[in-house]
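Peer 1: What follows is a single structure, and I will ask about it in a moment.
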Amino acid sequence: MSYVSSVFQRIKVRNANEPEFLQAVEEVFKSLEPVLEKHPEYISANILERITEPERQIIFRVSWVDDQGVLQINRGFRIQFNGALGPYKGGLRFHPSVYIGIIKFLGFEQIFKNALTGLPIGSGKGGSDFDPKGKSDGEVMRFCQSFMTELYRHIGPDVDVPAGDIGVGGREIGYLYGQYRRIKGVFENGVLTGKGLSYGGSLVRTQATGYGLIYFVDEMLKHNNKVLQGKTVVISGSGNVAIYACQKATALGAKVIAMSDSNGYIYDENGIDLPLVRQLKEVERKRIRSYLNFHPEAQYIEGCKNIWSIKCDIALPCATQNDISLENAKTLVANGVIAVGEGANMPCTNEAINYFLENKILLAPAKAANAGGVATSALEMSQNSMRYYWTFEEIETKLKNIMVTIHSNAAAASSEYGFGYNLVAGANIAGFKKVADAMMAQGNY
């Protein structure tokens, strides 16, 4: 048994009931054999086991009162995974599926994603099994206030800087920050990112993950003598990442023909009416089936997984983890897909990833392709530190340059370690080496 396999077996025993975390670790470890052969000092320093064990795991009770006056109880989490590169940085997810294994998988992925940005940020992740869907603004506010009443003691601009994720948008960040400010008594706006523009937020932050995904995919296509213009695109999801990926892909000449939510998907062969989707999802908070009220010529199909049966040139899974299974991957390949860009965190199963790579499909891995969100969060932190605002154009230019550099570094790492043009391996290696070197420099702890 190889060294990497033996370490993974120990990690499996220690984290036996956390399949998402183990899936993320296995996917990274597959790329690291040649790195460890070239750098045996990483083995001597036991980097693999150290990097897969969070520095700190915090679990706490969140008590809040609903609109009927009934006391409700949820569970809150914050994992400060790796601080070798800077303050812990990563989003908060509010969703019923959240448990410690989900937060660990997200935090582990965040280690490499944050390293790839080239910015001084470590890795953290958090959230709760609270579901904001169907809750009033008052209920969401009371939950967020209770959540922050515990979380505040573990975070700070130079300690841990949370942001949003699924279920945590501008409304939730506002309530969280308001409670933090009330408790601490200071205007410390560098403690959260994704804030509103009126109190320290950054332009482009809302668009950043979706825009960054398209910039990365566009760079990947160009590297392989292909273009985005004229391509048909299918996007799963209809949140921030999906909406702004759709916007930027359309601006660069592609045609997005399908989007989804957790209930089903819409297929519009004329091209998705994005302003309508934004109105339905961002303003009215309606299900995507309402699209048919305005475009009866479009189709709505129940079951969001079936979106991958639509023939397209480019697939962009932007919803949630394990969105594309091996079966979905086979269907996409059979229908002629040329590229897949992971907008969500770990949206393809490991079996699907392997199938895409075996069939020479261009694959933009999540830890590289969706790093634009956290990169712009770090730019928000910089602006907060300077008490200064950059323009939309300045930040978008910085974002594009970061995504182009991530692609270049991933491609170079892949080539250096014998993987050819394999951005999955390249992103893993480039991110790992940066963090491993920082850990080595700081000693054993």
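The values are calculated or read from the model by the stated rules, or taken from the named source; none is laboratory data. As the structure is a computational prediction, the values presented were derived from the model and not from experiment. Neighbour counts run over all protein chains shown; Cβ positions are idealised from the backbone, glycine included.
Peer 1: Yes or no: the range 69-85 includes at least one residue that is surrounded by fewer than 23 Cβ atoms within 10 Å (Cβ to Cβ), closer than 23 Å to Ala436 by Cα and touching a Ser or Thr at 6+ places or on another chain (Cβ under 7 Å).
Peer 2: No: the range 69-85 contains no residue that is surrounded by fewer than 23 Cβ atoms within 10 Å (Cβ to Cβ), closer than 23 Å to Ala436 by Cα and touching a Ser or Thr at 6+ places or on another chain (Cβ under 7 Å).
Peer 1: Output the residue which, of all residues in the range 176-194 that are among the small types (Gly, Ala, Ser) and surrounded by 13 or more Cβ atoms within 10 Å (Cβ to Cβ), is farthest from Ile406 (Cα to Cα).
Peer 2: Restricting to residues being among the small types (Gly, Ala, Ser) and surrounded by 13 or more Cβ atoms within 10 Å (Cβ to Cβ), the top hit is Gly178.
Peer 1: I've got another one for you. Among the candidates Ser31, Ser5, single out the residue that is of a type in the set (Gly, Ala, Ser) and part of a helix (DSSP H, G or I). Before you say what the answer is, go through the steps one by one.
Peer 2: Values: Ser31 fails: part of a helix (DSSP H, G or I).
Result: Ser5 is the single residue among Ser31, Ser5 that is of a type in the set (Gly, Ala, Ser) and part of a helix (DSSP H, G or I).
Peer 1: Is the range 341-349 home to any residue that is free of Cβ contacts under 8 Å to residues at least 24 places away in the same chain and either within 24 Å of Val25 (Cβ to Cβ) or buried (at least 24 other Cβ atoms within 10 Å of the Cβ) (or both)? Write out each step before concluding.
Peer 2: The initial filter retains those residues of the range 341-349 that are free of Cβ contacts under 8 Å to residues at least 24 places away in the same chain, namely none.
No, the conditions are met nowhere in the range 341-349.
Peer 1: Return the residue satisfying two criteria in turn: it lies in the range 313-331 and is within 15 Å of Ile361 (Cβ to Cβ) and crowded, with 24+ Cβ neighbours inside 10 Å, and of such residues it is nearest to the chain's Cα centre (by Cα).
Peer 2: Pro317
Peer 1: Looking only at the range 118-153, which residues are within 21 Å of the chain's Cα centre (by Cα) and among the acidic types (Asp, Glu)?
Peer 2: So in the range 118-153, the residues within 21 Å of the chain's Cα centre (by Cα) come out as 118-133.
Asp129, Asp131 - these are the residues of the range 118-153 that are within 21 Å of the chain's Cα centre (by Cα) and among the acidic types (Asp, Glu).
Peer 1: Determine which member of the set Ser198, Ser202 is assigned to a loop (DSSP other than H, G, I, E, B), outside the structural domain of Phe81 (by TED's automatic domain parsing) and not charged (D, E, K, R). First the steps, then the outcome.
Peer 2: On the way: Ser198 fails: assigned to a loop (DSSP other than H, G, I, E, B).
Answer to the selection: Ser202.
Per-residue answers, yes or no, for (1) in contact with a strand residue (DSSP E or B) (Cβ under 9 Å, 6 or more places away or on another chain); (2) aliphatic (A, V, I, L, M); (3) buried (at least 23 other Cβ atoms within 10 Å of the Cβ); (4) modelled with pLDDT of 95 or more:
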| residue | (1), (2), (3), (4) |
| --- | --- |
| Gly196 | no, no, no, yes |
| Val217 | yes, yes, yes, yes |
| Met220 | yes, yes, yes, yes |
| Lys226 | yes, no, no, yes |
| Val233 | yes, yes, yes, yes |
| Ala249 | yes, yes, yes, yes |
| Leu252 | no, yes, no, yes |
| Ser260 | yes, no, yes, yes |
| Leu274 | yes, yes, no, yes |
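Peer 1: Then there's this: Specify which of the listed residues (Arg78, Arg93, Arg153, Arg50) is at pLDDT 95 or above and in contact with a His (Cβ under 7 Å, 6 or more places away or on another chain). Break it down stepwise before answering.
Peer 2: Numbers: Arg93 fails: in contact with a His (Cβ under 7 Å, 6 or more places away or on another chain); Arg153 fails: in contact with a His (Cβ under 7 Å, 6 or more places away or on another chain); Arg50 fails: in contact with a His (Cβ under 7 Å, 6 or more places away or on another chain).
Every option except Arg78 fails the conditions.
Peer 1: Considering every residue within the range 108-119, establish whether at least one is surrounded by fewer than 24 Cβ atoms within 10 Å (Cβ to Cβ), outside the structural domain of Thr320 (by TED's automatic domain parsing), closer than 27 Å to Gly431 by Cα and at pLDDT 95 or above.
Peer 2: Within the range 108-119, the first condition is being surrounded by fewer than 24 Cβ atoms within 10 Å (Cβ to Cβ), and the residues that meet it are 118-119.
If we keep only those that are outside the structural domain of Thr320 (by TED's automatic domain parsing) too, we end up with 118-119.
Next cut, closer than 27 Å to Gly431 by Cα only: 118-119.
In the following step, the residues that additionally are at pLDDT 95 or above were identified as 118-119.
Yes: the range 108-119 contains one or more residues that are surrounded by fewer than 24 Cβ atoms within 10 Å (Cβ to Cβ), outside the structural domain of Thr320 (by TED's automatic domain parsing), closer than 27 Å to Gly431 by Cα and at pLDDT 95 or above.
Peer 1: For the range 301-316, enumerate the residues that are in a loop (DSSP other than H, G, I, E, B) and either more than 19 Å from Ser97 (Cβ to Cβ) or in contact with a Lys or Arg (Cβ under 8 Å, 6 or more places away or on another chain) (or both).
Peer 2: Across the range 301-316, the qualifying residues are Ile310, Lys311, Cys312, Asp313.
Peer 1: Which numbered condition trips up Leu228, out of (1) in a helix (DSSP H, G or I); (2) over 24 Å from Ser262 (Cα atoms); (3) among the hydrophobic types (A, V, I, L, M, F, W, C)?
Peer 2: If we test Leu228 against (1) in a helix (DSSP H, G or I); (2) over 24 Å from Ser262 (Cα atoms); (3) among the hydrophobic types (A, V, I, L, M, F, W, C), just (1) comes out false.
Peer 1: Moving on. What is the number of the single condition among (1) at pLDDT 95 or above; (2) out of contact with any Gly (no Cβ under 6 Å at 6 or more places or on another chain) that Glu188 does not meet?
Peer 2: Of the numbered conditions (1) at pLDDT 95 or above; (2) out of contact with any Gly (no Cβ under 6 Å at 6 or more places or on another chain), the odd one out for Glu188 is (1).
Peer 1: Quick one: is Gly122 small (Gly, Ala, Ser) and modelled with pLDDT under 95? Lay out the reasoning, then the answer.
Peer 2: On the way: small (Gly, Ala, Ser): yes; modelled with pLDDT under 95: no.
Answer is no for this residue.
Peer 1: Still on this model: Picking from Thr397, Thr405, Thr376, which residue would you name as being touching a residue at least 24 places away in the same chain (Cβ under 8 Å), surrounded by fewer than 20 Cβ atoms within 10 Å (Cβ to Cβ) and not hydrophobic (A, V, I, L, M, F, W, C)?
Peer 2: Working: Thr397 fails: touching a residue at least 24 places away in the same chain (Cβ under 8 Å); Thr376 fails: surrounded by fewer than 20 Cβ atoms within 10 Å (Cβ to Cβ).
Answer to the check: Thr405.
Peer 1: Scan the range 415-424 and tell me whether some residue there is touching a strand residue (DSSP E or B) at 6+ places or on another chain (Cβ under 7 Å) and either under 30 Å from Ser260 (Cα atoms) or free of Cβ contacts under 8 Å to residues at least 12 places away in the same chain (or both). Explain how you work it out, then say what you get.
Peer 2: To start, the set of residues in the range 415-424 that are touching a strand residue (DSSP E or B) at 6+ places or on another chain (Cβ under 7 Å) comprises 423-424.
So of that shortlist, the ones also either under 30 Å from Ser260 (Cα atoms) or free of Cβ contacts under 8 Å to residues at least 12 places away in the same chain (or both) come out as 423-424.
Yes, the range 415-424 contains a residue that is touching a strand residue (DSSP E or B) at 6+ places or on another chain (Cβ under 7 Å) and either under 30 Å from Ser260 (Cα atoms) or free of Cβ contacts under 8 Å to residues at least 12 places away in the same chain (or both).
Peer 1: Going by the structure shown, is Ala436 in contact with a Gly (Cβ under 8 Å, 6 or more places away or on another chain) and outside any loop (DSSP other than H, G, I, E, B)?
Peer 2: Working: in contact with a Gly (Cβ under 8 Å, 6 or more places away or on another chain): no; outside any loop (DSSP other than H, G, I, E, B): yes.
No, not satisfied.
Peer 1: On to the next question. Tell me whether the range 178-186 contains one or more residues that are closer than 24 Å to Val241 by Cβ, assigned to a helix (DSSP H, G or I) and aromatic (Phe, Trp, Tyr). Give the steps one after another, and end with the answer.
Peer 2: Pass one, the range 178-186, residues closer than 24 Å to Val241 by Cβ: none.
Taking every residue of the range 178-186 in turn, none turns out to be closer than 24 Å to Val241 by Cβ, assigned to a helix (DSSP H, G or I) and aromatic (Phe, Trp, Tyr).
Peer 1: Can you tell me which residue within the range 26-44, out of those that are touching a residue at least 60 places away in the same chain (Cβ under 8 Å) and surrounded by fewer than 16 Cβ atoms within 10 Å (Cβ to Cβ), is farthest from Met346 (Cα to Cα)?
Peer 2: Once the filter is applied, the top-ranked residue is Glu41.
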